[in-house]
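Here is the structure we will look at.
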Amino acid sequence: MSQLVLGLVLAVLAAFLLGGALSLGRQGSRRGALVAGVLAVLALVAAGLYLVPYALDR
């Protein structure tokens, strides 16, 4: 159960980071958008690492 919760929290974090990257990109901060985008991808990968095994066990 905690694996599911952690995966979902990471997925929500990735969504917020992706929104921040898009917002920073529109404001002209390319470096900030790049950093937020990389963090969003890392959070999405981490969420996948938690959620895919949980889904396959079901």
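The values are calculated or read from the model by the stated rules, or taken from the named source; none is laboratory data. Remember, it's a predicted structure, so these values are computed and weren't measured experimentally. Virtual Cβ from ideal backbone geometry, glycine too; neighbours counted across all protein chains shown. Just so you know, the surface numbers come from the protein's heavy atoms only, side chains and all, with ligands and any DNA or RNA stripped out. Shrake-Rupley method; radii C 1.70, N 1.55, O 1.52, S 1.80 Å.
Structure values in brief
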read-out	value
Single condition PRO53 does not satisfy, out of (1) open to solvent by less than 80 Å² (accessible area, probe 1.4 Å); (2) in contact with a Leu (Cβ under 9 Å, 6 or more places away or on another chain); (3) at pLDDT below 95	(2)
Among residues of the stretch 1-35, those that are polar (S, T, N, Q) and either surrounded by 14 or more Cβ atoms within 10 Å (Cβ to Cβ) or touching a strand residue (DSSP E or B) at 6+ places or on another chain (Cβ under 9 Å) (or both), counted	1
